[in-house]
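Here's the structure we're looking at; comments come further down.
The values are calculated or read from the model by the stated rules, or taken from the named source; none is laboratory data. Keep in mind the model is a prediction, meaning the values are calculated, not measured. Cβ placement follows ideal geometry from the backbone for every residue including glycine, while neighbour counts extend to all protein chains displayed.
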Amino acid sequence: MKIVVLGAGYVGLTTSACLAELGHDLVCCDIDDARVEALNRAQIPIFEPGLSELVGKQVAAGRLKFSTDAQTHAGRADAVFLAVGTPSDEDGNIDLTYVEAAVAGIGPSLRPDTLLVVKSTVVAGTARQLKELVDAVRGDSAIAVASNPEFLREGSAIGDFMEADRIVIGADDARSEAVLREIYRPLTRRGVPLVAGKTVNAELIKYAANALLALKIGFINDVANLCEAVGGDVTAVADGIGRDARIGSAFLAAGPGFGGSCFPKDTRAFASIGRRHGAPQPLVEALIQGNDQRKADLAQRIIAAAPSRGRVAILGTSFKANTDDVRESASLAIIPLLQQAGLEVHAHDPQPEAAKRQLTDVDWHDDPLAACRDADVTVILTEWDEYRSLNLKRMAETMHGHHLFDFRNILSAEQAARVGLHYHAIGRPDVL
Ligand code: NAD
């Protein structure tokens, strides 16, 4: 099928490359000229393992193109996927500006049989609202709008797309559902399950899933606090509860609070739509508040350990390993609090470009141990693999102080203690 994807970000690019790999003809469009130009020079604007290779393969095979001319390409498409951003507004609602602008821009040029598919994360009722918008800009009611929320995780996006736990499609008419089933047939034929329902249910599934995953993280972080208070070890507790098949071990790693481009904004939107419809979500409301507070509390732990005007080394600024994304990362909350307390921040991240644009007055280093030089306190904020094998002896020698905060629980307390570091983990006993 001829498919156009609007948005060449984490979701749009992955979707385009993967749908091309499934055999469809793809044009991925973005309004950002520089981004499209870079893509046409085979430069991938984001760090996502395997994406550069997959995009290169599909471009070479002639199945994937990039363009800024969405109107022309959408006018020839069988389906147009919307994968533009849906950020939070100041009340926690999602801001539909980009989605609405995209629909208004291409609406008049669509063929009557083109299916508009909302892949961006949008609250319940949005597909139906966008149907009204596209009808209004065209002056007819020809275009059907379907929902196909995306569940990929940055860092493993291609595998998540190609071997999804399930594909969720929402359609309010039989033809739309049939078109989406046809698009995904190469995956469902291989056994990937597909869940089909009304658009409103597909939209709710996305938010309810993210809220539940975020609740698991918030819960284990609260358990970690209790472990610290009573001398328990949250890694042992998480292992013990995660082996219960009803619970599962995923999303039970205690840490510095969730961040990224999805959980913070999706939980806020879920809580907000609940409030607006008189169906409050008190668990999620408490989760959001607790998660924000956690980052501030962890910053206080660092400040308390550092001398006045001391130096802190931050290892990891992206919101999780294997991505360069820093949206709502713990580093963006914690580093400014350290700076406000008069501490000097040195940092390392294997993919620091986005963080460098967001953070000010940080001294960046290309090597983690260089960031630790003369530091009073070192803090691990992201679970990058390269930090798991850090030479702790050299770290201890190069630091001025001896406090090591491992907010991802990736190092060995015994090894840290052996080289004289004062190791502080999350929800596990400190080793002096
Ligand atoms: P992103 O910010 O990386 O990319 C969005 C892209 O859309 C940008 O390149 C922007 O220039 C482009 N854009 C904006 N308006 C446009 C228009 N009118 N036409 C064409 N392009 C336009 O965003 P993302 O992380 O890919 O997220 C996209 C959507 O997918 C969001 O709703 C997000 O919540 C959802 N989502 C994201 C993830 C994730 O892990 N990033 C996972 C699942 C769902």
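On the basis of being buried (at least 19 other Cβ atoms within 10 Å of the Cβ), within 15 Å of the ligand (Cβ to nearest atom) and closer than 24 Å to T267 by Cβ, does L116 make the cut? For L116, the condition - buried (at least 19 other Cβ atoms within 10 Å of the Cβ), within 15 Å of the ligand (Cβ to nearest atom) and closer than 24 Å to T267 by Cβ - is not met. Residues in region 111-160 that are part of a helix (DSSP H, G or I) and more than 20 Å from T86 (Cα to Cα): D135, A136, V137, R138, I158, G159, D160. If only residues of region 25-46 that are closer than 21 Å to M162 by Cα and surrounded by 20 or more Cβ atoms within 10 Å (Cβ to Cβ) are counted, the one that is nearest to the ligand (Cβ to nearest atom) is I46. Condition check for R63 on (1) touching a helix residue (DSSP H, G or I) at 6+ places or on another chain (Cβ under 6 Å); (2) of a type in the set (K, R); (3) within 14 Å of the ligand (Cβ to nearest atom): one failure, at (3).
Pick out the one residue from V4, V55, V84, V80 that is part of a helix (DSSP H, G or I), crowded, with 18+ Cβ neighbours inside 10 Å and either at pLDDT 95 or above or on the phi > 0 side of the Ramachandran plot (or both). Explain how you work it out, then say what you get.
Details: V4 fails: part of a helix (DSSP H, G or I); V84 fails: part of a helix (DSSP H, G or I); V80 fails: part of a helix (DSSP H, G or I).
The unique qualifying residue is V55.
Scanning region 232-258 for residues that are closer than 25 Å to I302 by Cα and either assigned by TED's automatic domain parsing to the domain that holds F319 or surrounded by fewer than 17 Cβ atoms within 10 Å (Cβ to Cβ) (or both) gives G232, A236. Inside region 165-194, residues that are among the aliphatic types (A, V, I, L, M), more than 18 Å from I143 (Cβ to Cβ) and within 16 Å of the ligand (Cβ to nearest atom) make up a count of 2.
To keep it simple, each residue is scored yes or no on (1) surrounded by fewer than 19 Cβ atoms within 10 Å (Cβ to Cβ); (2) in contact with a Cys (Cβ under 7 Å, 6 or more places away or on another chain); (3) modelled with pLDDT of 95 or more.
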residue: T378; (1), (2), (3): no, yes, yes
residue: W384; (1), (2), (3): no, no, yes
residue: Y387; (1), (2), (3): no, no, yes
residue: R394; (1), (2), (3): yes, no, yes
residue: M399; (1), (2), (3): no, yes, yes
residue: E414; (1), (2), (3): yes, no, no
residue: L421; (1), (2), (3): no, no, yes
residue: I426; (1), (2), (3): no, no, yes
